[in-house]
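A.B. asks: Here's a structure for you.
The values are calculated or read from the model by the stated rules, or taken from the named source; none is laboratory data. What you are looking at is a predicted structure, and each value in this text was computed from that prediction instead of being measured. Virtual Cβ from ideal backbone geometry, glycine too; neighbours counted across all protein chains shown.
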Amino acid sequence: MKTDWAAVYRETYPELVRYLLWSVRDEDKACDMAQEAFARVLDRDPENARALVFTVAANLARDEARTVVRRKRHLALLKVEADVTVETTASPAEEVARSEEVERLRQALEALSDRDREVLLLWDAGLSYVEISAQTGMAKGALGTTIARAKRKLVEAHEALEANDEALG
């Protein structure tokens, strides 16, 4: 059966961009990489199109990270909320609070190991355990424990950052 790439695109693109945002921390770059991932797989007819697109996107993100490290550039800070398409009409105080919260979340994610962060972000993007297993090479049976541990570490890191901010402010 021929893959309906238009349907895969409609169903996967927002989650793919959200996943890539955590890697590249730039909305425009994440959108470009998501489009590039789709462009690279259009001539294929995989069994699991969604997993293939996420695999290609993750490889693009890793390549981008290597380029950034090699050039010693600092990554741009995450500048949008998890839902890329929602526009808010928040007050300046609410925007400052939101920006601080996003920065704390980014720092908490950075505190995780690369493997925990990748598995947690793939899970958050809506990939199944089978898809995450194919992407990361981890055993499907180990993913539940890994995700639970990563979530616990993320919460602990976030709470420590909040406590530190409260102590300073």
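A.B. asks: Out of the residues in region 52-76 that are among the β-branched types (Val, Ile, Thr) and at pLDDT 90 or above, state the one that is nearest to Lys2 (Cα to Cα).
C.D. replies: The first filter runs over region 52-76 and keeps only residues among the β-branched types (Val, Ile, Thr), leaving 53, 55-56, 67-69.
Of the ones still in play, those that are also at pLDDT 90 or above are 53, 55-56.
Values: Val53: 16, Thr55: 20, Val56: 19 Å.
Per the criteria, the residue is Val53.
A.B. asks: May I ask you to say which residue of Ala160, Ala134 is closer than 21 Å to Ala61 by Cα, surrounded by 12 or more Cβ atoms within 10 Å (Cβ to Cβ) and out of contact with any strand residue (DSSP E or B) (no Cβ under 9 Å at 6 or more places or on another chain)? Show your work before the answer.
C.D. replies: Details: Ala160 fails: closer than 21 Å to Ala61 by Cα.
When all the criteria are applied, what remains is Ala134.
A.B. asks: Give me the pairs: first residue in region 6-32 and in contact (Cβ under 8 Å) with a residue 60 or more places away in the chain and part of a helix (DSSP H, G or I), second residue surrounded by 16 or more Cβ atoms within 10 Å (Cβ to Cβ) and of a type in the set (D, E, K, R), beta-carbon distance under 7 Å, and six or more apart or on different chains, which are they?
C.D. replies: Note: pairs meeting the criteria are Leu21/Glu27.
A.B. asks: To continue, here is another question. Taking helices (runs of 4 or more DSSP H) that fall entirely within region 102-169, which contain at least 2 residues that are over 17 Å from Ala65 (Cβ atoms) and touching an Asp or Glu at 6+ places or on another chain (Cβ under 7 Å)? Lay out the reasoning, then the answer.
C.D. replies: Values: elements: 114-124, 129-136, 140-168.
In region 102-169, the matching helices (runs of 4 or more DSSP H) lie at 140-168.
Conditions (1) at pLDDT 90 or above; (2) assigned by TED's automatic domain parsing to the domain that holds Gly137; (3) closer than 25 Å to Ala148 by Cβ, marked per residue:
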{"site": "Val24", "(1), (2), (3)": "no, no, no"}
{"site": "Ala34", "(1), (2), (3)": "yes, no, no"}
{"site": "Arg50", "(1), (2), (3)": "yes, no, yes"}
{"site": "Leu105", "(1), (2), (3)": "no, yes, yes"}
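A.B. asks: What number of residues within region 142-157 are farther than 23 Å from Val102 by Cβ and not hydroxyl-bearing (Ser, Thr, Tyr)? It would help to see each step written out before you state the result.
C.D. replies: Step one: list which residues in region 142-157 are farther than 23 Å from Val102 by Cβ, which gives 142-146, 148-149.
Next, from what is left, pick out any that are not hydroxyl-bearing (Ser, Thr, Tyr): 142-144, 148-149.
Looking only at that region, the number is 5.
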